[in-house]
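First up is the structure itself, then whatever we jot down about it.
Every read-out reported here was derived from the displayed coordinates using simple, explicitly stated rules and does not represent laboratory data. Quick caveat, the model's predicted, so the values are computed rather than measured. When we count neighbours, we look across all protein chains shown, and the Cβ atoms used for this are built from the backbone with ideal geometry, even at glycine.
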């Protein structure tokens with residue numbers, strides 16, 4: 001597995017680089033709400049808790065804040081070190097024919113243009129990046145993201161893939177695909193609170 005310092009320079013052959021959004025590129029104030037259908041009680045979960053939460057009987061998700069593009073624009077605080085890395089990777093990778101995508105646990109936003117403008121405002125060339133909304137697929141974030149990885153890796157176009165995410169469950173799910181795609185070089189990086197990254201095996 002490569003260290004992060006080794007991967008800003010692109011190798012020969014096509015690669016796929018993938019970023020999460022929440023607590024990876026940006027921190028926001030958006031919370032997922034859990035509603036109890038019987039009592040009407042509501043709990044609020046930040047992204048890190050949502051990734052681990054299991055719905056109980058009579059509970060349902062409310063993703064309203066995570067679809068709110070205006071809230072995203074107004075509260076998105078860039079994680080400086082990661083945004084800097086993302087800019088460099090987008091610039092280097094796309095210039096050499098590789099692909100960069102974002103896989104977020106969010107579903108479709110209520111204002112696509114405003115959502116994308118937030119990335120542009122922080123200098124991220126989002127027009128060279130496709131945003132995959134795992135939240136549209138249902139199920140856990142890890143399983144939904146895994147399906148999206150399978151779509152890209154199943155094309156046979158990529159010799160290597162690297163994934164940046166704050167949640168270890170998502171990274172482990174990603175690495176579980178190594179057996180299925182044994183000719184692809186996998187690298188997984190867990191993003192820490194300060195924007196530094198740690199390799200996950």
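Worth pointing out:
- Axis of helix 141-153 versus longest Cα principal axis of the chain: the two differ by about 30°, to the nearest ten degrees.
- Cα-based shape type of the stretch 43-201, given that a ≥ b ≥ c are square roots of the gyration tensor eigenvalues and the cut on a/c is 1.5: oblate
- Two-site label geometry, residue 54 and residue 169: point separation in nm, points 7 Å out along Cα→Cβ: 1.0 nm
- Label-point separation, residue 192 to residue 151 (7 Å along Cα→Cβ), nm: 3.4 nm
- CD proxy at 222 nm, helix term only [per DSSP H run n ≥ 4: -39500 (n - 2.57); per residue of the chain; nearest 500]: -8500 deg cm²/dmol
- Taking 0.36 nm per residue of separation and subtracting the current Cα-Cα distance, fully stretching the chain between residue 159 and residue 61 would add 31.5 nm.
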